[in-house]
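First comes the structure, then the notes that go with it.
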Amino acid sequence: MKKIGFIDYFLDEWHANQYPGWIREASGGTMEVAFAHAIKDKEHGLTNREWCVKHGVTWCETMEEVIAQSDYLIVLSPDNPEQHEALAELPLASGKPTYIDKTFAPDRAAALRLFERAAQYDTPLYSSSALRYAEEYGDVERAGIQVISSFGPGRFENYSIHQIEPVVALMGTDAKRVMFVGTETAPALLIEFAGGRQATIQQPGPGCPFMMAVNYEAGACRVVQPASDYFRSFIRDLVTFFETGRASVPPAETIAIMSIIENGLIAAKQPYHWIDLPESR
């Protein structure tokens, strides 16, 4: 039985609650979340120790204890990416396959530092939105895409990644600039890629499903709405990453996604003005 360690900002959150069962199922019982450490208790929720008792996970007083006893590591804190560098500093020096939950980093510079630290210590690392693994998006023909119009729920700060991740997976990392074209209650971002290709990310409000319309250079349009269980598809990919140490998501894509989100937030403060993006790497 391979042991997985959780490192979180606080443990009583949706991802930490779901992953143990899903990982056990996807691995056929060969992996289990066994150890956990978090920085603080959740306000108005379970304490970290209560969470561990509920999920049958051993509470560790330090990150070092988690790392020493685990075969693989997951850095969570899905809604507080500003915590990821501090939480991942020791895991990324461990050499043990490490997954960092969405959103990977608060900005491009932090994303680069995380990958550079992992490379320094030969630590396999990756991150992704679960939406990347929707079967419906995987079936989309990539060649000839000119425009993507994407829709989804949530706030830009922590949910735009679920649209930007599939867009970059389909269109590539050569995003050139962004323009905010929405409102505070209905954010929308225009992204220009090399060759004049474009994507729009729109968040009209609660109840809006994830979906996209894909336009091709020949004029055809395909409308795609995820209906598959993309979270479990993601977990299967995570199990494969732990087994092989090989990530399915290129670092360049993750860095490009973080750059788009970072500059999208900047663009939101000056709507209808282009904000240039750093060159992809």
What helix-only [θ] at 222 nm does the chain give? Using -39500 (n - 2.57) per DSSP H run of at least 4, over all residues, to the nearest 500, the answer is -10000 deg cm²/dmol
Rounded to the nearest 10 Å², the 1.4 Å probe accessible area of C208 is 30
In degrees, nearest 10, the alpha-carbon axis of helix 230-244 is tilted away from the dominant principal axis of the alpha carbons of the chain by 60
With Cα coordinates, the longest principal axis of the chain makes an angle with the long axis of helix 251-267, in degrees rounded to 10, of 60
re region 238-281: pairs of Cα atoms spaced beyond 15 Å account for a percent value of 56
Within region 113-196, DSSP-loop trypsin sites (Lys or Arg not before Pro) with at most 16 other C-beta atoms within 10 Å are R142, R155
With every protein chain kept in place and a 1.4 Å probe, region 40-152 has an accessible area per residue in Å² of 43
Those GluC sites (Glu not before Pro) from region 210-281 that are DSSP loop and have at most 14 other Cβ neighbours within 10 Å turn out to be E217, E279
Of all DSSP beta bridges having both residues in the chain, the percent classed as antiparallel (nearest 5) is 50
Between the Cα axis of helix 161-171 and the main Cα principal axis of the chain, the angle (0 to 90°, nearest 10) is 60
Over 28 Å (Cα to Cα) among K42/K102; K42/K269; K176/K269; K40/K176; K96/K269 -> K42/K269; K40/K176; K96/K269
The distance between the Cα centres of region 39-108 and region 135-158, in whole Å, is 29
Rounded to a whole %, the carbon-and-sulfur portion of the accessible area of the chain at a 1.4 Å probe is 50
Expected field for W59, accessible surface area in Å² at 1.4 Å probe radius, rounded to 10, holds 50
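The values are calculated or read from the model by the stated rules, or taken from the named source; none is laboratory data. Computed from a predicted model, the values in this text were never measured in an experiment. Because the Cβ atoms are built from the backbone with ideal geometry, glycine has one as well, and the counts that use them run over all protein chains shown. Accessible surface is based on the protein model in full, side chains and every heavy atom, while ligands, DNA and RNA are left aside. Shrake-Rupley method; radii C 1.70, N 1.55, O 1.52, S 1.80 Å.
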